[in-house]
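Structure, as C-alpha cells:
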Amino acid sequence: MQNEALFSICPLLLPQDKNGLTYDGFIEINEQTFRVSIVQPNVGSLKDASISCSWRLWNILHHYQDVIKQRLHQSENLASFLVEFKNLVEKLVKCKQDDTGQLSLPLDTYSLLISELEHIGWHKLAYTNESFNIIKLKMRDARDREHIVTVHVSAEYPDILPKCSADVPEPFHFKGSKITEGRLLECIYNEFCEIISSHELFWNVMDEIDQNCWILEPEHPTRADASRRVALGNNTSLLVRINVQHPKMMPECHLMGADSIVMKLRENMNKNLHQWDPEIPVLENLEKLLETKFPSRQTTKKEDFSLECGICYAYRLDNAIPESACDDPRCGQPFHTSCLYEWLRALPSSRQSFNIIFGECPYCNKVILQKVQFDR
Ligand SMILES: [Zn+2]
Ligand SMILES: [Zn+2]
C-alpha cells in the first residue's frame, strides 16, 4: 500500500531492501530529475531517517536542510513527506532567480510555514521569496478573477500578526478575530476570501465598464481603483466613482470637456436623475441619464478619444491628461490645463479677471478661458 503510494509520487525512487528501509533513485520536479536517497534506520518510523541528494538539488535546498530534516522526522510516512518535499523544491526552483536573501526567520517559523502551506494547499501559493518572509496566496472568485494577498512574515510569526496587503478597494488589514492555533496563514487566507466575495458585485460593475467603454484614466486600473474616466466622444469624458459598498447605486459623476457640450449633458443628467434604477446595469443607467451612448469598443478606437494636447502634442504630461478644451463647438481642441494656462499667460493679448484668464485659442483664435493655476 505504502509502496504503491510512493510509486505514484516518485516512480523513479526505488526500495533497496525488502523492508523498504533504504530508498534510492531519482525524483522528478519541474521536468528536472534529481538524485535522492533516503535511509530509515527503523521500520515504520521516520524519527531518525536521513535524506541525501545530488549537489544540484542541495544547491537549491541548502538553506532549508534543517527544515527538511525536521519535516522528515515529523512526517507520518514517506509518501506524505515526499509530496511535501516535491512541492517545496518546486516552489524554490521557481523562486530561486529573484532572491538571494539569507535565512532570516527562525527554523521553527519555516517549519511552521511549510506545514501551514501544506495544509492550505501548495496550489494556493502564488509566490514566495527564498527567505520565505513574503508569501503571496491566490484565490479565484466566482467570475474566475484571480486575487492575491501578500503576507509579510516577521521573525515573531505567529506571535505577532503579520502585515498583509491586497489589491482591494479598501485597505486589507488582517483583524485576526478568529485564529486557530498553528493555522494563522489559513485564517488570513479565509478572511481574505471573505473580503473578496464581499466585493464581487463591485468588480462585476467595474469589469462591465472596462469591457464596454474606453477608459482614459487610470491608465492601468487595478482592482483597488473605484474611479474611471470614461470617454464620451467630442473631447468630453465622464469621471465616475463607483460606491464600493453599494456598487449599483448612482455613482459620483463629474463631466469634463468643452462647456458647450458638457452643459447639455449636465442638464440631461439633472433632469433624469430620478430614473436611476439599481436593477439594471450601471452603464445602461448612465446612458439613460445622459441621453447619449458611450462610444463602443467594437466600432471605435481608443486613439479617437485619447486626443493629445494641442500645445505640447503629448497625451500624458506629468501623469495629467488634457482636461481643458476650447469651448467653440467647431474646434473643441483639448489641452492640458497647465499647458493652456502657460500659453495664455505668455500672450500679451490675454486678460485676467479674478481667477480666470481669457485669451485666444491657439487653434481657432476664438476666446478661450482658463482658471488661474497657482504656482506650486
Ligand atoms: Zn500639453
Ligand atoms: Zn479653439
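Here are a few things to note about the model shown:
- Note on segment 107-200: semi-axes of the ellipsoid equivalent to its C-alpha gyration tensor, largest first and rounded to whole Å, are 21, 14, 12.
- Positive-end ranking of G332, I311, P348 along the dipole of segment 307-375, with charges on Cβ about the Cα centre, is headed by P348.
- The residues neighbouring D277, those whose beta-carbon lies less than 10 Å from its own, together hold a net charge of 0 under the Lys/Arg +1, Asp/Glu -1 convention.
- Each Lys or Arg adds one and each Asp or Glu takes one away; over the other residues whose Cβ falls under 15 Å from the Cβ of I242, this sums to -4.
- Segment 1-77-segment 269-343 distance, computed between alpha-carbon centres (Å): 63 Å
- Environment charge of A320, counting only residues whose C-beta is closer than 12 Å and scoring Lys/Arg +1, Asp/Glu -1: -2
- Packing rank of 25-36, 319-330, where each peptide gets the mean count of other beta carbons within 10 Å, highest leading: 319-330, 25-36
- About the centre of its Cα atoms, the chain shows a dipole size close to 560 debye [charges on the beta carbon of Lys, Arg (+1) and Asp, Glu (-1) only; nearest 20 debye].
- Legend: translational diffusion of the chain by Stokes-Einstein, Rh = Kirkwood radius over C-alpha pairs, 25 °C, 0.890 mPa s; D = 95 µm²/s.
- Folded to 0 to 90 degrees: helix 200-212 orientation relative to the chain principal axis, Cα: 60 degrees
- Tilt relative to the chain, helix 78-95 - C-alpha long axis, 0 to 90 degrees, to 10: 40 degrees
- The alpha-carbon of K124 sits under 19 angstrom from the alpha-carbons of these lysines, leaving out residues fewer than 8 places away in its chain: K86, K91, K94, K96, K136, K138, K163.
- Calculated diffusion of segment 1-141, Stokes-Einstein form, Kirkwood radius summed over Cα pairs, 4 °C and 1.567 mPa s, µm²/s: 82 µm²/s
- The GluC sites (Glu not before Pro) of segment 163-218 meeting both criteria, a DSSP state outside H, G, I, E and B (loop) and at most 12 other C-beta atoms within 10 angstrom of the site's C-beta, are E181.
- Looking at segment 230-337, the chymotrypsin sites (Phe, Trp or Tyr not before Pro) that sit in a DSSP loop and have at most 16 other Cβ atoms within 10 Å of their own Cβ are W276, Y313.
- Taking all Cα pairs closer than 8 Å and separated by 6 or more residues, the relative contact order of the chain comes to 7 percent.
Bear in mind that the values in this text are calculations on the coordinates, not laboratory data. Predicted, not measured: the structure shown is a model, and the values here were computed from it. Cβ: placed from backbone, ideal geometry, glycine included. Neighbour counts: every protein chain shown.
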